[in-house]
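A.B. asks: My questions will all concern the structure given below.
The values are calculated or read from the model by the stated rules, or taken from the named source; none is laboratory data. Predicted model only: the values in this text are computed from it and were never measured. With ideal geometry, Cβ positions are generated from the backbone for all residues, glycine too; neighbour counts draw on all protein chains shown. Accessible surface areas use protein heavy atoms only, side chains included; no ligands, DNA or RNA. Shrake-Rupley method; radii C 1.70, N 1.55, O 1.52, S 1.80 Å.
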Amino acid sequence: MDKNTVETFSFGVLTSKGHAEVHEMKLPKLGEHQILIKQLACNICTADYGQWLGLREHQGYPMAGGHEGAGVILETGAKVVELLPGDFVAISNNYCGECEHCRKGEESQCVIRSSYDLHEGGYKGRMGFAEYQVRNATAAVKMNPELSPGEAAFLEPLATAAKGIGKLRVSPQDTVAVIGAGTMGLLNAQAVRACGARVIVAEMMEKKIKTAKVMGFEVIDAGAADPVERVKQMTGGRGADAVIVAAGATKANEQAAAMLKHFDGRMLMFAAAYPAPELGISSNDIHYRRMEILGTYLGDTKDFLEAARLLNQRVVDVRPLIEASYPLEDIQKAFEEAARPGNYRVSVMLHESGREEGTCSK
């Protein structure tokens, strides 16, 4: 389809718990600071399939979600300078660039960011599962064209990992434990390894343990051994300098606090879950052990640029984390696969791209 003939587009939408459909909408007019993207792939995030499972009903319906996307620019607005038609890009966050937060480099806190997720017809969300998308030019990042669309679509989740790791202040002398070898656990683990630190991954599921080992990590089978005791053994009794909690569970929080070194350990609360897990540690423990409990959520522009560097140079290799791919018309099946326990990312393919995904397609 030529860019000048694009008038309407199809997109995936959650209409209620367990129901994903394909709807159609008129394409918005391109603004002078905007770009028109022919989207090639969008990966189904935990937040997406969590709502499909009925665990995030607070997000509302109809939810035209999806925020882990990549595609090719078809057209640029009159005042777009650095991006050109034909550029291969991945999606980052929309932001105004004018509010106090944006001017301080805190684009994830933009005061009107949520307004970008409201669309004609009452649809909510970032419209990632859409054939075409009009976005602000600042909300896309150039990617290595040697990456598949599904790989490039990891830009957003990797940016969130980069944000948290920046707060964690990882150094090459650190030993960092990561609890959970799901998609986000292994993205965090790879990004930490890129900082030069030692990484120990704890996981219970056999499939995820195997994937973590294939990626070259030291792995603790938390179903066969106490991960707290194993971390202590592996660090000469000292404990980890920092722990990233990439599994949303009270038990994971308790283990994270226990496997930290006694003084000045840092604990990053990366994962969320519904209902919310308990912290699993007392304020007295935090006080006497001088612990740092850090929260992280979303990423800012600098984090997206760092994530792009890691992906484009394949410092972080996400090919083992692509579980399967489905065409847009099978989005219901895609959500069913994405929600299957133990699975990694599932890609919704929005156009034939001529690129092969890293693993099987269904």
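A.B. asks: Out of segment 239-259, which residues are open to solvent by less than 10 Å² (accessible area, probe 1.4 Å) and among the β-branched types (Val, Ile, Thr)?
C.D. replies: Once the filter is applied, which keeps residues that are open to solvent by less than 10 Å² (accessible area, probe 1.4 Å) and among the β-branched types (Val, Ile, Thr), segment 239-259 yields 243, 244, 245.
A.B. asks: Looking at segment 54-70 only, could you name the residues that are part of a loop (DSSP other than H, G, I, E, B) and either among the aromatic types (Phe, Trp, Tyr) or under 19 Å from residue 332 (Cβ atoms) (or both)?
C.D. replies: Those that are part of a loop (DSSP other than H, G, I, E, B) and either among the aromatic types (Phe, Trp, Tyr) or under 19 Å from residue 332 (Cβ atoms) (or both): 54, 55, 56, 61, 62, 64, 65, 66.
A.B. asks: In segment 219-238, what residues are of a type in the set (D, E, K, R) and open to solvent by less than 70 Å² (accessible area, probe 1.4 Å)?
C.D. replies: Of everything in segment 219-238, those that are of a type in the set (D, E, K, R) and open to solvent by less than 70 Å² (accessible area, probe 1.4 Å) turn out to be 221, 232.
A.B. asks: Yes or no: segment 72-83 includes at least one residue that is in a loop (DSSP other than H, G, I, E, B), under 30 Å from residue 16 (Cβ atoms), modelled with pLDDT of 95 or more and open to solvent by 40 Å² or more (accessible area, probe 1.4 Å).
C.D. replies: no
A.B. asks: A further question follows. Using beta carbons and a limit of 9 Å, which pairs, at least six apart or on different chains, have the first residue in segment 210-232 and at positive phi and part of a helix (DSSP H, G or I) and the second one of a type in the set (Lys, Arg) and surrounded by 16 or more Cβ atoms within 10 Å (Cβ to Cβ)?
C.D. replies: Nothing qualifies.
A.B. asks: Could you check segment 142-151 and list, in sequence order, the residues that are in contact with a helix residue (DSSP H, G or I) (Cβ under 7 Å, 6 or more places away or on another chain) and either crowded, with 24+ Cβ neighbours inside 10 Å or in a helix (DSSP H, G or I) (or both)?
C.D. replies: 151
A.B. asks: Further, regarding this structure: Just for segment 94-123: of the residues that are touching a Gly at 6+ places or on another chain (Cβ under 9 Å) and in a loop (DSSP other than H, G, I, E, B), which one is most open to solvent (accessible area, probe 1.4 Å)?
C.D. replies: It comes out as 119.
A.B. asks: Then there's this: Got a number for residues in segment 1-24 being hydrophobic (A, V, I, L, M, F, W, C), part of a strand (DSSP E or B) and either over 28 Å from residue 147 (Cβ atoms) or open to solvent by 60 Å² or more (accessible area, probe 1.4 Å) (or both)?
C.D. replies: Number satisfying all stated conditions: 1.
A.B. asks: Related question: Under 9 Å between Cβ atoms, at least 6 apart or on separate chains: pull out the pairs that start in segment 344-359 with a residue that is at pLDDT 95 or above and open to solvent by 30 Å² or more (accessible area, probe 1.4 Å) and end on any residue that is of a type outside the set (A, V, I, L, M, F, W, C) and not in a loop (DSSP other than H, G, I, E, B).
C.D. replies: 349/149; 349/150; 349/325; 349/326; 349/327
A.B. asks: Additional query: Given the structure, is residue 12 among the small types (Gly, Ala, Ser) and without any contact (Cβ under 8 Å) to a residue 60 or more places away in the chain?
C.D. replies: no
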